[in-house]
2 protein chains.
Amino acid sequence: MKWHDMKDAACPVARAMAVIGDRWTLLILRECFLGTRRFDGFQQRLGITRHLLAERLKRLESAGLLKRHPYQERPLRHEYRLTDSGKAFAPVMLALQDWSRNNLPCDDSAPISFVLRENGAEIDPVLTDRRSGQELNHRTVLMRPNTETRAKG
Amino acid sequence: MKWHDMKDAACPVARAMAVIGDRWTLLILRECFLGTRRFDGFQQRLGITRHLLAERLKRLESAGLLKRHPYQERPLRHEYRLTDSGKAFAPVMLALQDWSRNNLPCDDSAPISFVLRENGAEIDPVLTDRRSGQELNHRTVLMRPNTETRAKG
DNA sequence: ATAGTAGGTTCTATTTAAGAACTCATTATC
DNA sequence: GATAATGAGTTCTTAAATAGAACCTACTAT
């Protein structure tokens, strides 16, 4: 199975892997959420090679999560901004960091904080069902294949 | 930056990348949630090479998401089961598949369905704050660096 | 004795990533 | 007017990870 084959997979998780299935892409998105917009900003804050960064930014752009906006002419320069699709990824990022904090502990304190904009209170993320309000987790949700579950399926 | 360096990063997102930052690991976890437990089951359903599958299962085990349980002796055989840490990953998986469904559309219908165990109703996942009940997304949550945000922390 | 099952390991070839240097257009400094 | 700095990449070489196939081991069934 090749990289390319995944982007047309029927399974949404497999399609997501075609975009975020590598070491760097989620870290680039994290930087976007923290406000980074420019090439050198990403490069310096992450320590990613310039080559890979250019490639990943292109991928995020073509997947519709980022969009380039010119911020000056002469010489023409662009910055990368989250699109609505990219912003919609925020709950995934929050859920992931919450899981990681609780299940992959480490000595140092977390270098990112997530707070409510309206009052600065620390958040305590929980996934719920919009209709029933019920908490969604391994106990309350049943996951099952509809038809075929192979990645390319 | 090497793979290895990320597992001790201060940033929880970076630490998560040391575990799930590749093309296959989330698909393996998806299969776990769908009930797959055995080596050949994963291999056949995903089309992953046996070599990589063995390596990824070891990684998931050492990261504490999976645990091997013997299911027979003579010859000794093990199956892989989700630990509490692994089960706690369910909301991330749900949030990811929901985002993917809404933002990486494709022709075929999704091959996985997620329903409430109690009544079989389709779920509509939304991340909320446990205390305030407020919906958590890019508009309501402020993400900011605490100290240093480089991946190696 | 032969084939099948289950869970791997080993091998080579290809692809991807790391790390450093280089380009190009423009502005700022000596 | 020459030299350095800025910003956003591109181009190299080397190192690591992945793909794909074949092989191994310990049984069980035919």
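The values are calculated or read from the model by the stated rules, or taken from the named source; none is laboratory data. Just so you know, these numbers come straight off a predicted model, no measurement behind them. Virtual Cβ from ideal backbone geometry, glycine too; neighbours counted across all protein chains shown.
Restricting attention to the range B:19-37 and to residues that are part of a loop (DSSP other than H, G, I, E, B) and away from DNA strand C (no atom under 12 Å from the Cβ), the residue that is farthest from B:E79 (Cα to Cα) turns out to be B:W24. Quick check on the range A:23-32. Is at least one of its residues facing chain B (nearest Cβ under 8 Å) and within 9 Å of DNA strand D (Cβ to nearest atom)? Checking the range A:23-32: at least one residue is facing chain B (nearest Cβ under 8 Å) and within 9 Å of DNA strand D (Cβ to nearest atom). In summary, A:L29 fulfils each of the numbered conditions (1) at pLDDT 95 or above; (2) at negative phi; (3) surrounded by fewer than 20 Cβ atoms within 10 Å (Cβ to Cβ) with the single exception of condition (3).
Across the range B:47-105, the qualifying residues are those that are more than 9 Å from chain A (Cβ to nearest Cβ), in contact with a Phe, Trp or Tyr (Cβ under 7 Å, 6 or more places away or on another chain) and assigned to a helix (DSSP H, G or I), and the one among them that is nearest to DNA strand D (Cβ to nearest atom) is B:L52. All of B:D5, B:D40 fail the test of being without any contact (Cβ under 8 Å) to a residue 24 or more places away in the chain, assigned to a helix (DSSP H, G or I) and over 18 Å from the mean Cα position of the chain (by Cα), apart from B:D40. Taking the listed residues A:A63, A:A95, the one that is in contact with a Pro (Cβ under 6 Å, 6 or more places away or on another chain) and touching a residue at least 12 places away in the same chain (Cβ under 8 Å) is A:A95, with no other qualifying. Considering B:A95, B:A63, B:A16, B:A88, the condition of being at pLDDT 95 or above, among the aliphatic types (A, V, I, L, M), touching a His at 6+ places or on another chain (Cβ under 8 Å) and within 19 Å of A:D98 (Cα to Cα) is satisfied by B:A88 alone. In this entry, A:L76 is excluded by the filter for residues that are within 16 Å of DNA strand C (Cβ to nearest atom) and within 12 Å of the chain's Cα centre (by Cα). For the condition away from DNA strand C (no atom under 16 Å from the Cβ) and either over 30 Å from B:S109 (Cβ atoms) or charged (D, E, K, R) (or both), A:N102 qualifies. Taking the listed residues B:V92, B:V141, the one that is of a type outside the set (D, E) and touching a Leu at 6+ places or on another chain (Cβ under 6 Å) is B:V92, with no other qualifying. Could you say whether any residue in the range A:48-60 is farther than 24 Å from B:L127 by Cβ, among the acidic types (D, E) and without any contact (Cβ under 8 Å) to a residue 40 or more places away in the chain? Yes, the range A:48-60 contains at least one residue that is farther than 24 Å from B:L127 by Cβ, among the acidic types (D, E) and without any contact (Cβ under 8 Å) to a residue 40 or more places away in the chain.
Checked against the criteria, A:S132 does not count as farther than 27 Å from B:Q134 by Cα and modelled with pLDDT of 95 or more.
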